[in-house]
Every structure is written in C-alpha cells, then in structure tokens.
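Q: This structure is in structure tokens; I'll ask about it shortly.
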Amino acid sequence: MRRAVWTRCGARFPAGSKVLEMNCGTGEDALWLVRQGVKVVATDVSTAMLQFAERKLSAASVDGRARFRQLAWENLECFDEGPFDGALSNFGGLNCVKDLRGPARALAAKLRPGAVAVLCIMGPVVPWEWGWFLAHGKAGAAFRRLRSGGAEWQGIDVHYPSVAQARRAFAPEFRTLRVSALGALLPPPYTEKWISQYPRVVSALERLERRFETLWPCPQLADHYLMELERV
C-alpha cells in the first residue's frame, strides 16, 4: 500500500518541489521524498513521532534535507510557512478530524495555485474488514466504521468520510484529479500475519488492484482511498 502511495507522490512531486507533510508519523514517507530530491517540511502532533522521524532521517544521512515541526491539522491555519508546491497526508491522519472543511480551507491557504495534495483517507465501507472480524466473532469491530459519530481508538475519535463526502469538503478550493483504492482487493494491514503465508496470492491481488484502482467501486470499498486534489 505504501509503494502505491509513493508511486503517486512520484508522479505529483518532482525533484526540487517543496512539500508539506501532515501527520508524518515515523518519517518513512519523508525519507522517501527527500531521496527523490523533494524538500519536505514534515509535521506531526506527536513530539515522540517527530523525534523518531528525525532520528530515522539522521541515520540515513539525509537529516538536513527535511525539517520537522509540531503541528495538528486543527492548527494548520496558524502555521507560518508556505506557499508549498504540494502536500501529503498518508494513512488516515485526516480521519482524526471531525469536520474536514476547516483543514481544507487551511490547506488551500498554504498551497500555491496548481499545487497537488495527495491525501490518504480511511473509508467507511470495507468488505474485507467485515469478513475478517465476523470470522473472528467480532461483529462490533466489523462495522465500527459505519457508526454515527465515528469510532473511538486509543482515546481518539476516528471518523470515516466517504469519497463523496471528502470531495465535497475540499471543494471549491480544490478539484479532484484522481481517486484510487488502497486495500480494496488487497486485505488490510492487520491481516498481514495470515496473508503473508500466501505470497503469490498477495502479488496477484496487488497487480489486480493497481490495474483497477481508479475504477468504481474499488475506491469506495477500500480500506483507504487516495485522493489527488489540485489547488484551484
């Protein structure tokens, strides 16, 4: 799934561009971006995550090519940098925000016209998840994404907007260029221990998913969907 995200980042962020990364986590994406010649300002709400990411890039001898700042989506409006040539938010950072309109407006103000935001969001309808948790006798977990008001995870309220809801939230500041599936045919990451026993099956599913990733209804039924939005 991460390789698929990197493929799209490579298509959108040329060498020399300046990219704002939200919810950078352990710095895996920041490391990949700087190795492609991209200038990165990587942010996260967690001090521990930022420290981990800085150590990772330092160990890879690229620590001077990215800068790290503590920042939450809710505080992006007050961030004192920009404009950026692009933005990345990978693997569900936006799912921790209840109302996407605020982040959409704030992000638009930080991007130059024509810049592309690559946003990876967890969707609400995931048949793989239903089957996995029902098979393990966990009906509550199977349908958690469909609960009104979202679901709680480690004290955080997690929300699962649909593709249509996310598209509306980022309009009119952004227009949608592309939406693709991450985990529609491929099983979700938490099945890795089981599915890793069948590498040929995984490879076949990955090839099929990449081939059909933008076709309806794959993005609508995926564990995550990847939106590529242009600042207008």
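The values are calculated or read from the model by the stated rules, or taken from the named source; none is laboratory data. Since we're looking at a predicted model, the values are computed, not measured. So basically every Cβ, Gly included, is an ideal-geometry build from the backbone, and we count neighbours across all protein chains shown.
Q: Does residue 121 fit the bill of being within 24 Å of residue 29 (Cβ to Cβ), touching a helix residue (DSSP H, G or I) at 6+ places or on another chain (Cβ under 9 Å), surrounded by fewer than 13 Cβ atoms within 10 Å (Cβ to Cβ) and not hydroxyl-bearing (Ser, Thr, Tyr)?
A: In short, no.
Q: Quick check on the stretch 89-108. Is at least one of its residues in contact with a Gly (Cβ under 6 Å, 6 or more places away or on another chain), at pLDDT 95 or above and of a type in the set (Val, Ile, Thr)?
A: The answer is no, given that none of the residues of the stretch 89-108 is in contact with a Gly (Cβ under 6 Å, 6 or more places away or on another chain), at pLDDT 95 or above and of a type in the set (Val, Ile, Thr).
Q: Shifting gears a bit: What do you reckon, is residue 104 surrounded by 20 or more Cβ atoms within 10 Å (Cβ to Cβ), touching a Phe, Trp or Tyr at 6+ places or on another chain (Cβ under 7 Å) and either assigned to a strand (DSSP E or B) or hydrophobic (A, V, I, L, M, F, W, C) (or both)?
A: Here the answer is yes, as residue 104 does meet what is asked.
Q: So residue 109 clears everything in (1) surrounded by fewer than 17 Cβ atoms within 10 Å (Cβ to Cβ); (2) aliphatic (A, V, I, L, M); (3) within 19 Å of the chain's Cα centre (by Cα) except one condition, right? Which one?
A: (3)
Q: Restricting attention to the stretch 37-64, which residues are surrounded by 13 or more Cβ atoms within 10 Å (Cβ to Cβ) and hydroxyl-bearing (Ser, Thr, Tyr)?
A: 43, 46
Q: Can you name the residue in the stretch 181-206 that is surrounded by fewer than 12 Cβ atoms within 10 Å (Cβ to Cβ) and under 21 Å from residue 7 (Cβ atoms) and is also modelled with the lowest pLDDT among such residues?
A: Checking each candidate, the answer is 192.
Q: Would you mind finding the one in 117, 104, 164, 108 that is without any contact (Cβ under 8 Å) to a residue 40 or more places away in the chain and aliphatic (A, V, I, L, M)?
A: Selected residue: 164, the only one of 117, 104, 164, 108 that is without any contact (Cβ under 8 Å) to a residue 40 or more places away in the chain and aliphatic (A, V, I, L, M).
Q: Report, by residue number, each residue of the stretch 65-75 that is surrounded by fewer than 17 Cβ atoms within 10 Å (Cβ to Cβ) and over 24 Å from residue 95 (Cβ atoms).
A: Selection gives 67 alone.
Q: Let me ask you something else. Considering 170, 212, which residue is modelled with pLDDT of 95 or more and either within 30 Å of residue 113 (Cβ to Cβ) or among the hydroxyl-bearing types (Ser, Thr, Tyr) (or both)?
A: Numbers: 212 fails: either within 30 Å of residue 113 (Cβ to Cβ) or among the hydroxyl-bearing types (Ser, Thr, Tyr) (or both).
Criteria check complete, one pass: 170.
Q: Yes or no: residue 61 at pLDDT below 95 and either over 21 Å from residue 1 (Cβ atoms) or in contact with a helix residue (DSSP H, G or I) (Cβ under 7 Å, 6 or more places away or on another chain) (or both)?
A: Details: at pLDDT below 95: yes; either over 21 Å from residue 1 (Cβ atoms) or in contact with a helix residue (DSSP H, G or I) (Cβ under 7 Å, 6 or more places away or on another chain) (or both): yes.
So residue 61 fits the description; yes.
Q: Turning to a different aspect of this structure: Restricting attention to the stretch 173-180, does a residue exist that is in contact with a helix residue (DSSP H, G or I) (Cβ under 8 Å, 6 or more places away or on another chain) and modelled with pLDDT under 95?
A: no
Q: Ok, one more. Only one of 145, 112 is assigned to a helix (DSSP H, G or I), modelled with pLDDT of 95 or more and of a type outside the set (Gly, Ala, Ser); which?
A: Working: 112 fails: assigned to a helix (DSSP H, G or I).
Of 145, 112, the one residue that is assigned to a helix (DSSP H, G or I), modelled with pLDDT of 95 or more and of a type outside the set (Gly, Ala, Ser) is 145.
Q: Is it true that some residue in the stretch 13-28 is modelled with pLDDT of 95 or more, farther than 23 Å from residue 101 by Cα, in contact with a strand residue (DSSP E or B) (Cβ under 6 Å, 6 or more places away or on another chain) and surrounded by 21 or more Cβ atoms within 10 Å (Cβ to Cβ)?
A: Within the stretch 13-28, one or more residues are modelled with pLDDT of 95 or more, farther than 23 Å from residue 101 by Cα, in contact with a strand residue (DSSP E or B) (Cβ under 6 Å, 6 or more places away or on another chain) and surrounded by 21 or more Cβ atoms within 10 Å (Cβ to Cβ).
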